[in-house]
Amino acid sequence: VPVDGSHWLSMREVVEILGQKGHEVVVVAPEATLHIKPSKNFVMKRYSGPLSQEEMEEDFKTFLQSLFEEGSFLERFLNVYEHMKRLGYLSVACCEKLLQNKELMRYLEETKF
């Protein structure tokens, strides 16, 4: 279950190679992602997350813009802190959505994920 962003970018090559070598690889990801895309080398299982694709992209763009805003160190620090706190809340909400998806959880249990 990769986390979108740097975690997935680090895993993607390994996942692709495992699939190419004949391993059955299942990637579980929310419907809205920045970098996690389907591949012929693995099975993709999706679930609805707390944000739509448009909301996620806008949220990410806002976060990136905040990194380059002017202001005192304290203002910039607090701004980044608020964005990181929101990211934490969204991560928890995403996990809750996954665990509440009975159909996907049943599939994962039955396939010994």
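Counting only residues that are within 28 Å of K45 (Cβ to Cβ), small (G, A, S) and in contact with a helix residue (DSSP H, G or I) (Cβ under 7 Å, 6 or more places away or on another chain), segment 62-113 holds 0 of them. Note on segment 74-113: residues that are open to solvent by 100 Å² or more (accessible area, probe 1.4 Å) and in contact with a strand residue (DSSP E or B) (Cβ under 8 Å, 6 or more places away or on another chain) amount to 1. Charged (D, E, K, R) and more than 30 Å from Q20 (Cβ to Cβ), is that true of K45? Answer is no for this residue.
Confirm whether S66 is among the polar types (S, T, N, Q) and either open to solvent by 80 Å² or more (accessible area, probe 1.4 Å) or over 17 Å from the mean Cα position of the chain (by Cα) (or both). For S66, the condition - among the polar types (S, T, N, Q) and either open to solvent by 80 Å² or more (accessible area, probe 1.4 Å) or over 17 Å from the mean Cα position of the chain (by Cα) (or both) - is met.
Candidates G5, G71, G22: the one that is surrounded by fewer than 16 Cβ atoms within 10 Å (Cβ to Cβ), at pLDDT 95 or above, of a type outside the set (V, I, T) and on the phi > 0 side of the Ramachandran plot is G22. Right, M56: surrounded by 12 or more Cβ atoms within 10 Å (Cβ to Cβ) and either in contact with a Gly (Cβ under 8 Å, 6 or more places away or on another chain) or of a type outside the set (S, T, N, Q) (or both) or not? In short, yes.
The values are calculated or read from the model by the stated rules, or taken from the named source; none is laboratory data. Remember, predicted model here, so these are calculated numbers, not experimental data. Counting neighbours? That spans all protein chains shown, and the Cβs are built from the backbone with ideal geometry, glycine included. Please note that ligands, DNA and RNA were not included when accessible areas were found on the heavy atoms of the full protein model with its side chains. Shrake-Rupley method; radii C 1.70, N 1.55, O 1.52, S 1.80 Å.
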